[in-house]
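The values are calculated or read from the model by the stated rules, or taken from the named source; none is laboratory data. All of these numbers come straight from a predicted model, not from anything done at the bench. So basically every Cβ, Gly included, is an ideal-geometry build from the backbone, and we count neighbours across all protein chains shown.
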Amino acid sequence: MDPLHLSRHISSQFNEEIEQVRNHVMAMGGLIEQQLNNALVAIASCDADKAQQVIDNDIQVNEWETRIDHECTRIIAKRQPAASDLRLVMTILKTIADLERIGDETRRIAKVALESFNTEQQDLLVNLESMGRHVGIMLHDVLDAFARMDLQSAYSVYREDKNVDREYEAITRQLMTYMMEDPSSIPKVMNVMWSVRSLERIGDRCKNVAEYIVFFVKGKIVRDSSDMEQQYTVDD
């Protein structure tokens with residue numbers, strides 16, 4: 001039995017094309033996962049060279065999205081897939097759009113590492129690193145869920161986004177307090193705040209990918225948490 005619920009076709013080339021596209025999505029996801037990790041390392045170590053590397057490598061993320069989009073378009077035009085195969089192609093197109101945006105947010109985070117922080121201000125980056133690791137786990141888990149089209153794993157990622165949102169709100173309150181106590185720190189703190197916002201958005205993008213997995217497996221569009229709960233608990 002096919003674990004991804006993919007139908008088999010008379011044309012083995014069709015199967016190979018779909019599998020190749022899936023592999024390309026995973027390669028794109030792996031690159032973005034490494035980009036996020038490098039951006040966080042750059043901040044933690046104040047490594048401007050690594051930060052610049054992340055910024056420069058973002059073009060590779062964009063190239064992956066363009067390549068996969070063209071591959072999906074060619075499959076639709078040439079093969080005219082139906083049922084689950086068409087859902088898979090649509091899921092891939094939605095997923096790479098969110099992955100590309102995660103790449104954009106990662107580039108923004110890397111730019112913070114190019115700023116100079118004094119010893120006291122360096123403490124501001126501690127929570128940023130902690131939240132970054134949390135979001136990094138979400139990204140890794142949702143890519144793993146995508147590789148296996150695992151509904152349970154997708155549901156876990158979906159629920160985890162609420163914890164990221166709470167973490168974002170707590171850090172934002174802390175940064176606001178810091179700025180009120182030391183107005184001269186506002187420019188630096190704002191950079192950190194925008195980076196925290198980028199991490200929160202990456203969490204949202206991971207949540208979106210989890211929804212696309214449900215769309216593929218169940219054929220249902222998730223619009224809110226109650227929809228997700230229902231699709232998770234209802235058997236095929």
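Return yes when Leu125 is over 24 Å from Met28 (Cβ atoms), among the aliphatic types (A, V, I, L, M) and in contact (Cβ under 8 Å) with a residue 40 or more places away in the chain and no when it is not.
Answer is yes for this residue.
Is there a residue in the range 47-59 that is farther than 15 Å from Ala110 by Cα, charged (D, E, K, R) and part of a helix (DSSP H, G or I)?
No, every residue in the range 47-59 fails to be farther than 15 Å from Ala110 by Cα, charged (D, E, K, R) and part of a helix (DSSP H, G or I).
Output the number of residues of the range 174-227 satisfying the condition of being of a type in the set (Lys, Arg), more than 17 Å from Arg133 (Cα to Cα) and at pLDDT 85 or above.
1
Regarding Arg166, is this residue basic (Lys, Arg), free of Cβ contacts under 8 Å to residues at least 60 places away in the same chain and in a helix (DSSP H, G or I)?
yes
Report yes if Asp165 is charged (D, E, K, R), under 29 Å from Ala27 (Cα atoms) and buried (at least 17 other Cβ atoms within 10 Å of the Cβ), otherwise no.
no
Residue check: is Ile202 under 17 Å from Ile96 (Cα atoms), in contact with a Phe, Trp or Tyr (Cβ under 7 Å, 6 or more places away or on another chain) and part of a helix (DSSP H, G or I)?
no
Could you run through the range 33-68 and say how many residues are surrounded by 16 or more Cβ atoms within 10 Å (Cβ to Cβ) and under 22 Å from Tyr212 (Cβ atoms)?
The qualifying residues number 7.
Do we find a residue being in contact (Cβ under 8 Å) with a residue 24 or more places away in the chain, loosely packed, with under 15 Cβ neighbours inside 10 Å, touching a His at 6+ places or on another chain (Cβ under 9 Å) and assigned to a helix (DSSP H, G or I) anywhere in the range 78-97?
No - not one qualifying residue is present in the range 78-97.
Please enumerate the residues belonging to the range 24-51 that are polar (S, T, N, Q) and modelled with pLDDT of 95 or more.
Result: Gln34, Gln35, Asn37, Asn38.
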